[in-house]
Amino acid sequence: MHHEGKPVTVNLLMVDQDGQAFRRGKFRTGVWLPALKRAGITESTREDGMHALRHLYASVLLDAGESIKALSAYLGHSDPGFTLRVYTHLLPTSHERTRKAVDAFFDGLAA
C-alpha cells in the first residue's frame, strides 16, 4: 500500500482486550511480570524492570548509530543533553566497532 502526502505525527493509545487504556502499571502486572516468571525470574528488581527496557532501547539505537537528537525526541526528552548524560551506555559491541573505526582510519592513511 502506498500513501500520498506529508507524514503526520499522531499520539498512539494502546488498549487492552476490553478497550481500556493500557497503562504502565497494568502492563507491568498483566504482561511484564508474568513474562519474567515464565523466564524463571521470580523476584523482579530494578535491573529487569520496565525502566531497564527503556535503557536497552536507547542503548540499542545509539549502538546502531542513531543520533542523540533523534533518540531524545523518541524518548520524549526536551533536552538532548539530558539524553546524552543518562543514556550513553557502552554495549559489548562498542569496543569492536571502535577498533574497526580506528583500523579503517589507519588503513586509509596507508593506502
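The values are calculated or read from the model by the stated rules, or taken from the named source; none is laboratory data. The shown structure was predicted, so the numbers you read here are calculated from the model rather than taken from an experiment. Neighbour counts are summed over all protein chains in view; Cβ atoms, including those assigned to glycine, are modelled from backbone coordinates with ideal geometry. The protein model used for the area step is the full one, side chains on, heavy atoms only, and it has no ligands, DNA or RNA in it. Shrake-Rupley method; radii C 1.70, N 1.55, O 1.52, S 1.80 Å.
Being open to solvent by less than 80 Å² (accessible area, probe 1.4 Å) and assigned to a helix (DSSP H, G or I) is the filter here, so list the residues in the stretch 38-49 that pass it.
Residues of the stretch 38-49 that are open to solvent by less than 80 Å² (accessible area, probe 1.4 Å), as a first pass: 39-41, 44-45, 48-49.
Across the stretch 38-49, the qualifying residue is only 48.
Would you pick out the residues in the stretch 1-27 that are open to solvent by 100 Å² or more (accessible area, probe 1.4 Å) and in contact (Cβ under 8 Å) with a residue 12 or more places away in the chain? Lay out the reasoning, then the answer.
So in the stretch 1-27, the residues open to solvent by 100 Å² or more (accessible area, probe 1.4 Å) come out as 1-4, 6-14, 17-18, 20, 23-24.
Across the stretch 1-27, the qualifying residue is only 24.
Among the listed residues 70, 35, 52, 58, which satisfies the condition of being open to solvent by less than 70 Å² (accessible area, probe 1.4 Å) and either outside any helix (DSSP H, G or I) or more than 30 Å from residue 9 (Cα to Cα) (or both)?
Working: 70 fails: either outside any helix (DSSP H, G or I) or more than 30 Å from residue 9 (Cα to Cα) (or both); 52 fails: either outside any helix (DSSP H, G or I) or more than 30 Å from residue 9 (Cα to Cα) (or both); 58 fails: either outside any helix (DSSP H, G or I) or more than 30 Å from residue 9 (Cα to Cα) (or both).
None of the others qualify; the one that does is 35.
Scan the stretch 1-32 residue by residue and report those that are among the polar types (S, T, N, Q) and not in a loop (DSSP other than H, G, I, E, B). Step through it out loud before you land on a result.
Residues of the stretch 1-32 that are among the polar types (S, T, N, Q), as a first pass: 9, 11, 17, 20, 29.
Hit for the stretch 1-32 is 29, nothing else.
Mind telling me which of the residues 107, 63 ends up being of a type in the set (Asp, Glu) and in contact with a Lys or Arg (Cβ under 9 Å, 6 or more places away or on another chain)?
Details: 107 fails: in contact with a Lys or Arg (Cβ under 9 Å, 6 or more places away or on another chain).
Residue meeting the stated conditions: 63.
For the stretch 99-111, indicate whether the set of residues that are assigned to a helix (DSSP H, G or I), of a type in the set (Phe, Trp, Tyr) and surrounded by 11 or more Cβ atoms within 10 Å (Cβ to Cβ) is non-empty.
Initial filter on the stretch 99-111 (assigned to a helix (DSSP H, G or I)): 99-110.
Going one step further and asking which of them are of a type in the set (Phe, Trp, Tyr), we end up with 105-106.
If we keep only those that are surrounded by 11 or more Cβ atoms within 10 Å (Cβ to Cβ) as well, we get none.
Within the stretch 99-111 (the criterion being assigned to a helix (DSSP H, G or I), of a type in the set (Phe, Trp, Tyr) and surrounded by 11 or more Cβ atoms within 10 Å (Cβ to Cβ)), the answer is no, since none of the residues qualifies.
Given the criteria of a type in the set (A, V, I, L, M, F, W, C) and free of Cβ contacts under 8 Å to residues at least 24 places away in the same chain, does residue 58 qualify?
Details: of a type in the set (A, V, I, L, M, F, W, C): yes; free of Cβ contacts under 8 Å to residues at least 24 places away in the same chain: no.
So residue 58 does not fit the description; no.
Consider residue 88 carefully, then state whether it is hydroxyl-bearing (Ser, Thr, Tyr), open to solvent by 60 Å² or more (accessible area, probe 1.4 Å) and free of Cβ contacts under 8 Å to residues at least 12 places away in the same chain.
Working: hydroxyl-bearing (Ser, Thr, Tyr): yes; open to solvent by 60 Å² or more (accessible area, probe 1.4 Å): yes; free of Cβ contacts under 8 Å to residues at least 12 places away in the same chain: no.
In short, no.
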